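The values are calculated or read from the model by the stated rules, or taken from the named source; none is laboratory data. Not measured: the values here are computed from a predicted model. Neighbour counts are summed over all protein chains in view; Cβ atoms, including those assigned to glycine, are modelled from backbone coordinates with ideal geometry.
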């Protein structure tokens, strides 16, 4: 049953839609039902999301209307060229929209199919295309203004508190994963579950953060700080993966000293306490461990100490920043920390999948337009419009076909409902008040569906299709032939979109996850082959973004999520160690520099194939030979030795320690 806040939102949404319809009728606009449809499309339970969507819809409508005004008059005498131009425009706009994963993408997507909404019906009367585009923009703007004013002024629901709760929910999985990693159980079931949750949350909240600037809460001005906090959480993930693997390896070879165990215990207690205080003495004890004698176990302990220091510094800054965001305390500043190992925002862009989406949309439009032209079908424009809308709405999904099929099913249900309303109920309605009451139950149902994330798309589609198919005007003028033709065009349009999408665009979640993993492998191989050190922060940002995109996809196929997540973190750690080796190799002696080049060459070849397989023995041989070349001057090249040991540990976690005699006595740090 609907909750009170859902019913309130539904009533506001429906009232905003009917207000827009009433004003459109009063102004004498051609198609006042477009104002009603826009109100349902723009509606969102959170004020920030609704206001951003309203702004982007306005600009999308303006750009799409302009495109229609340019194309239709110039190509109306060449219908084939006009259809090709429209299809290419929709495809281009959809491609650009899929390259932009922010709410701003809505502008580009809308620019595409709005040109079709305005342009296709104007083919029979191109002389009025400018007036049609202008009226369309007026109707859309009216719907935007009405629903935004009602949603903002009447008991608005702000996004800030919800986002603050999401930020607080990052704490538990981070602490659970950290505790497991510090105990050397980074691959235990609790740690894997925490890793999945943290990866998903850090990626899933990106959209909410981008909408925060349009919110009405006190967090409206905190976009930059929330983004920083999200980057801290993302940067934490490879560090926790490294700590868990390093502690497990040290326990396996008996390399955990009493001092190291004491630091691990204190770090775990500090993480569990949840306070920022106490970080300085803990950092002091950790830094003491970085001066271990550089035998093999000592190198592992020293590199573990470096990771522990990074963990404490990031968590310390994260806790201070989270208090600033949620409680308004002074903002912490630490540019040195951010310049050292904090990720920066880098989003994955799949050009191939975006092209497939754009191509399938353009081809479906051309197919329906061909049927329209050959049969001289009076309502063919409606089918072409629905193809463009359906292919654009769900293009971001791995397989849009099920969503389009659901849209088709809902469209048939809407047609049946509209038949009852048009021919049994509306003929007895005599004024606006009666119309408001008659449509109220359906309007509330649509509003409740829109208010729930699981049914948001269904509610928006039913509201938009229902409003346009009902086609209310200032007076009752429905006839059965027009209703039948428009209904048939809806079924043909959505059916064509479904068929073409299944043939060209349908891919599974597993296929998309595989592409994301392979993109990570290409980045690691490119980092190995680079002539200059790649950007550490950028690599962390893009690979963690892909990990966040992988998690829900792998969860959908119910297999391989844990191994894929572990593999993604392993790939990132390999990449980060290679970047460190790139930066160090210029100061190495000739033999070690040649060894590092051999490591890069073999790692690149390994990551050009399938790194899910065990690493070949040639890489560990090159690592051990390079370590041997530096063994005589271990104090001078301690940083390089820690990087090499890190690469060896992450690629060969079960390998026995290398048979290398490091001159310990002369290398104890003063």
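Listed by first and then second residue, the pairs linking a residue in the stretch 266-286 that is touching a residue at least 24 places away in the same chain (Cβ under 8 Å) to a residue that is in a loop (DSSP other than H, G, I, E, B), with Cβ atoms under 8 Å apart and 6 or more places separating them unless they lie on different chains, are 268/183; 270/278. Taken over the stretch 471-494, the residue count meeting the criterion of being in a helix (DSSP H, G or I) and touching a residue at least 40 places away in the same chain (Cβ under 8 Å) is 12. Looking at the structure I just gave you, is residue 114 surrounded by fewer than 23 Cβ atoms within 10 Å (Cβ to Cβ), closer than 25 Å to residue 493 by Cβ and more than 21 Å from the chain's Cα centre (by Cα)? Considered against the rule, which asks whether it is surrounded by fewer than 23 Cβ atoms within 10 Å (Cβ to Cβ), closer than 25 Å to residue 493 by Cβ and more than 21 Å from the chain's Cα centre (by Cα), residue 114 comes out as no. Where residues in the stretch 426-440 are in a helix (DSSP H, G or I) and at pLDDT below 90, which of them is nearest to residue 83 (Cα to Cα)? This residue is 426.
The condition (being touching a residue at least 40 places away in the same chain (Cβ under 8 Å), touching a helix residue (DSSP H, G or I) at 6+ places or on another chain (Cβ under 7 Å) and more than 17 Å from residue 464 (Cβ to Cβ)) is satisfied by just one residue among 370, 343, 384: 343.
Among the residues of the stretch 504-525, those that are surrounded by fewer than 15 Cβ atoms within 10 Å (Cβ to Cβ) and modelled with pLDDT of 85 or more comprise 518, 522. For the stretch 176-195, filtering for residues that are at pLDDT below 80 and under 26 Å from residue 344 (Cα atoms) leaves 1.
Out of 468, 455, one residue alone is outside any loop (DSSP other than H, G, I, E, B), free of Cβ contacts under 8 Å to residues at least 40 places away in the same chain and either assigned by TED's automatic domain parsing to the domain that holds residue 139 or in contact with a helix residue (DSSP H, G or I) (Cβ under 9 Å, 6 or more places away or on another chain) (or both). It is 455.
From 389, 414, grab the single residue that is assigned by TED's automatic domain parsing to the domain that holds residue 99, free of Cβ contacts under 8 Å to residues at least 60 places away in the same chain and either out of contact with any strand residue (DSSP E or B) (no Cβ under 8 Å at 6 or more places or on another chain) or closer than 13 Å to residue 462 by Cα (or both).
414
A single member of 255, 244 is in a loop (DSSP other than H, G, I, E, B), crowded, with 21+ Cβ neighbours inside 10 Å and touching a residue at least 40 places away in the same chain (Cβ under 8 Å), and it is 255. For the stretch 636-659, which positions are assigned to a loop (DSSP other than H, G, I, E, B) and either at pLDDT 85 or above or surrounded by fewer than 16 Cβ atoms within 10 Å (Cβ to Cβ) (or both)? Those that are assigned to a loop (DSSP other than H, G, I, E, B) and either at pLDDT 85 or above or surrounded by fewer than 16 Cβ atoms within 10 Å (Cβ to Cβ) (or both): 636, 652, 653, 654, 655, 656, 659.
Might you check whether a residue that is at pLDDT below 85, out of contact with any strand residue (DSSP E or B) (no Cβ under 9 Å at 6 or more places or on another chain) and outside any helix (DSSP H, G or I) occurs anywhere in the stretch 294-309? Yes; the residues of the stretch 294-309 include at least one that is at pLDDT below 85, out of contact with any strand residue (DSSP E or B) (no Cβ under 9 Å at 6 or more places or on another chain) and outside any helix (DSSP H, G or I). Here residue 89 meets each of (1) without any contact (Cβ under 8 Å) to a residue 24 or more places away in the chain; (2) in a helix (DSSP H, G or I) with one exception, condition (1). Annotation: of all residues in the stretch 26-51 being touching a helix residue (DSSP H, G or I) at 6+ places or on another chain (Cβ under 8 Å) and in a loop (DSSP other than H, G, I, E, B), the one that is surrounded by the most Cβ atoms within 10 Å (Cβ to Cβ) is 43.
May I ask you to verify whether residue 195 is out of contact with any helix residue (DSSP H, G or I) (no Cβ under 8 Å at 6 or more places or on another chain), assigned to a helix (DSSP H, G or I) and more than 23 Å from residue 34 (Cβ to Cβ)? Considered against the rule, which asks whether it is out of contact with any helix residue (DSSP H, G or I) (no Cβ under 8 Å at 6 or more places or on another chain), assigned to a helix (DSSP H, G or I) and more than 23 Å from residue 34 (Cβ to Cβ), residue 195 comes out as no. Residues in the stretch 428-446: is at least one touching a residue at least 40 places away in the same chain (Cβ under 8 Å), more than 19 Å from residue 11 (Cα to Cα) and either in contact with a helix residue (DSSP H, G or I) (Cβ under 9 Å, 6 or more places away or on another chain) or surrounded by 20 or more Cβ atoms within 10 Å (Cβ to Cβ) (or both)? Checked the stretch 428-446: at least one residue is touching a residue at least 40 places away in the same chain (Cβ under 8 Å), more than 19 Å from residue 11 (Cα to Cα) and either in contact with a helix residue (DSSP H, G or I) (Cβ under 9 Å, 6 or more places away or on another chain) or surrounded by 20 or more Cβ atoms within 10 Å (Cβ to Cβ) (or both). The condition (being under 27 Å from the mean Cα position of the chain (by Cα) and without any contact (Cβ under 8 Å) to a residue 12 or more places away in the chain) is satisfied by just one residue among 165, 104: 165.
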